[in-house]
Amino acid sequence: MRSPVMTALAIAAGLIVLLGYLIPPEWTSLAYIQAVRAVFIGWAVVLAGIAAWVGVIHLFLTHLRRMSARREADRYSVLVVLAFLATAVAGMILTPADPRFQQAVLAIQVPVEATLLGLLAVTLVFASMRLFQRRKGGMAIVFVVSVVFFLLLGAGLLMPLQQTPLLSGLIGFFERLPIAGGRGILIGIALGSLMTGLRILLGADRPYSG
């Protein structure tokens, strides 16, 4: 009887949290649902924090085991362990809100993000060339042209064309296209999360049953 009980508890908790968002504040007779929803959300935040700590500790212990095993990639494990210890000590001494701590984090985060974006650009160019070699169709040509155009646009090489009145509006339109694509991705993520939540509420998916 364990699985039906877990399913009933999960559905009930999900419905209470969902109803808490839908009930207007002026309905004082159902204020207890808001209180229960706040308790459930607080529990979820605590569990998420504990899960994050477990993941971080597991990563730290995994690299410690790799260092003790003397594998070929143990130098990367040494870097991970040293960076973890340095970040933990700096966070306890300076606190994460300290400007010096934030500057140190950004000094690492910004180059890493720039490197990933550079790798993404190279991967897109390589993928467009391979696609054009294998499938010489209209969509392949559109993909290659769009990749090259947006790389030139992102690099700022088309800035002189913006001085032309006829092309400035067109280039501005193309600059807004990635923002529209990002919004589409966010909408897709939201819809996927909504469908996953609905499947759990209806009992179709039971990740809690193991």
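Some notes on this structure:
- Residue match in the range 136-148 (condition: charged (D, E, K, R) and assigned to a helix (DSSP H, G or I)): no
- Answer residue from the range 131-140, given it is surrounded by 14 or more Cβ atoms within 10 Å (Cβ to Cβ) and of a type in the set (A, V, I, L, M) and is nearest to Pro178 (Cα to Cα) among those: Ala140
- Among (1) touching a Phe, Trp or Tyr at 6+ places or on another chain (Cβ under 9 Å); (2) under 30 Å from Val81 (Cβ atoms) - the single one Arg37 does not satisfy: (2)
- Some residue of the range 118-130 being closer than 30 Å to Phe60 by Cα, open to solvent by 80 Å² or more (accessible area, probe 1.4 Å) and either of a type in the set (A, V, I, L, M, F, W, C) or touching a helix residue (DSSP H, G or I) at 6+ places or on another chain (Cβ under 8 Å) (or both): yes
- All of Ile185, Ile179 fail the test of being among the β-branched types (Val, Ile, Thr) and modelled with pLDDT of 75 or more, apart from Ile185.
- Looking only at the range 32-82, and only at residues there that are out of contact with any Lys or Arg (no Cβ under 9 Å at 6 or more places or on another chain) and polar (S, T, N, Q), the one that is farthest from Ala12 (Cα to Cα): Ser68
- The range 159-210: number of residues that are farther than 27 Å from Val148 by Cα and in contact (Cβ under 8 Å) with a residue 24 or more places away in the chain: 8
- Gly181, sole failed condition from (1) open to solvent by 70 Å² or more (accessible area, probe 1.4 Å); (2) within 21 Å of Val125 (Cβ to Cβ); (3) of a type outside the set (Phe, Trp, Tyr); (4) within 25 Å of the chain's Cα centre (by Cα): (1)
- Tabulated pairs, the range 45-72, first modelled with pLDDT under 90, second among the small types (Gly, Ala, Ser) and not in a helix (DSSP H, G or I), C-beta under 8 angstrom, 6+ apart or interchain: Arg66/Ala73
- Hey, Ala104 open to solvent by less than 50 Å² (accessible area, probe 1.4 Å), at pLDDT 75 or above and in a helix (DSSP H, G or I) or not: no
- Residue check for Met92: loosely packed, with under 10 Cβ neighbours inside 10 Å and either in contact with a Leu (Cβ under 6 Å, 6 or more places away or on another chain) or over 30 Å from Val17 (Cβ atoms) (or both): yes
- Complete set of residues in the range 129-143 that are over 20 Å from Glu175 (Cβ atoms) and not basic (Lys, Arg): Met129, Leu131, Phe132, Gln133, Gly137, Gly138, Met139, Ala140, Ile141
The values are calculated or read from the model by the stated rules, or taken from the named source; none is laboratory data. Given the structure is predicted, the values throughout are model-derived calculations rather than measurements. A quick note on method: Cβ atoms are made from the backbone with ideal geometry, for glycine too, and the neighbour counts reach across all protein chains shown. Remember, those area values only see protein heavy atoms, side chains included, never the ligands or the DNA or RNA. Shrake-Rupley method; radii C 1.70, N 1.55, O 1.52, S 1.80 Å.
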